[in-house]
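Okay, structure first, notes after.
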Amino acid sequence: QVQLVESGGGLVQAGGSLRLSCAASGRTFSAYAMGWFRQTPGKEREFVAAIDGSGGITKYADSVKGRFTISRDTAKNTVYLQMNTLKPEDTAVYFCAARSGLLVFVTKDRYDYWGQGTQVTVSS
């Protein structure tokens, strides 16, 4: 079974940056497309960014385009989310997700494995 552990969350002022990491364990990590989702209390978990199995194709939610960058390091079995120019509305618990397949999807139902989440809080 694939296990995912997020880290790197914290408190930051608006306009600041954070880098989230997702460490994966399990077989054939390179064959999994990876995604980042976020959730606030009372709201549905929403798509943020995703990267395909090869690392060559990425997709972002409109709300984070130009500010967030997803990447992966297969040798380290780790996926990253670099978040720049953070806004208060970015405040959420951020979850790393993996799916058994190479293609990128933007809906949470397409993903098979989830981390526990890491809190990101952006203050005004």
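Take residue 108 and residue 61, extend 7 Å from each Cα along the Cα→Cβ direction, and tell me the distance between the two endpoints in nm.
With each label placed 7 Å out from Cα toward Cβ, I get 1.0 nm.
Put a dot 7 Å past each Cα toward the Cβ at residue 46 and residue 5; how far apart are the dots in nm?
Distance between label points: 3.0 nm.
I need the phi-derived Karplus couplings for the stretch 62-68: 6.51 cos²θ - 1.76 cosθ + 1.60, θ = phi - 60°, integer Hz, Gly and Pro marked x.
Values per residue, Gly and Pro as x: 4, 5, 10, 4, x, 10, 10 Hz.
Using a 1.4 Å probe on the protein heavy atoms only, what accessible surface does residue 114 show? Give it in Å² to the nearest 10.
Accessible area of residue 114: about 80 Å².
With every protein chain in place, what's the accessible area of residue 59 (1.4 Å probe, Å², nearest 10)?
100 Å²
Please work out how much length the chain gains when fully extended from residue 14 to residue 82, using 0.36 nm per residue of separation minus the C-alpha to C-alpha distance, in nm with one decimal.
On the way: separation 68, 0.36 × 68 = 24.48 nm, distance 1.49 nm.
23.0 nm is the gain from fully extending residue 14 to residue 82.
Looking at the stretch 1-57, which trypsin sites (Lys or Arg not before Pro) are DSSP coil and have at most 11 other C-beta atoms within 10 Å of their C-beta?
Numbers: sites: 19, 27, 38, 43, 45; in loops: 27, 43, 45.
Listed in order of number, the matching sites are 27, 43.
How long is the gain from residue 23 to residue 39 if the chain were fully straight, where each residue apart is worth 0.36 nm and the alpha carbon distance is subtracted? Mind dumping the intermediate values first?
Numbers: separation 16, 0.36 × 16 = 5.76 nm, distance 1.96 nm.
Length gained, residue 23 through residue 39: 3.8 nm.
Percent of accessible area on the chain owned by carbon and sulfur, 1.4 Å probe?
Numbers: 3080 of 6360 Å².
Ligands and nucleic acids excluded, carbon and sulfur give 48 percent.
Quick one: what does P(r) look like for the stretch 32-77 with 10 Å bins over all Cα pairs, in whole %?
Going from the shortest bin to the longest, the percentages are 26, 48, 23, 3.
Where a Cα-Cα gap under 17 Å defines reach, which aspartates and glutamates qualify for residue 43, not counting those fewer than 8 residues away within the same chain?
Once the sequence-local aspartates and glutamates are set aside, what remains near residue 43 is 89, 90, 109.
Counting heavy atoms of the protein chains only and a 1.4 Å probe, report the per residue accessible area for the stretch 20-70 as a whole number of Å². Before the final figure, lay out the partial values.
Details: 2460 Å² over 51 residues.
Result: 48 Å² per residue.
With θ set to phi - 60°, apply the Karplus curve 6.51 cos²θ - 1.76 cosθ + 1.60 along the stretch 44-57 and write out the HN-Hα couplings as whole Hz, x wherever there is a Gly or Pro.
Couplings: 6, 5, 10, 5, 10, 7, 8, 9, 7, x, 7, x, x, 10 Hz.
Give the Debye-formula value of log10 I(q)/I(0) at each listed q (0.23 Å⁻¹), with one equal scatterer per alpha carbon of the chain, two decimals each.
Each listed q corresponds, in turn, to -1.39.
The values are calculated or read from the model by the stated rules, or taken from the named source; none is laboratory data. Remember, it's a predicted structure, so these values are computed and weren't measured experimentally. Note: ideal-geometry Cβ built from the backbone for every residue, glycine included; neighbour counts use all protein chains shown. Note: accessible area is taken over every heavy atom of the protein model, side chains too, but ligands, DNA and RNA are not part of it. Shrake-Rupley method; radii C 1.70, N 1.55, O 1.52, S 1.80 Å.
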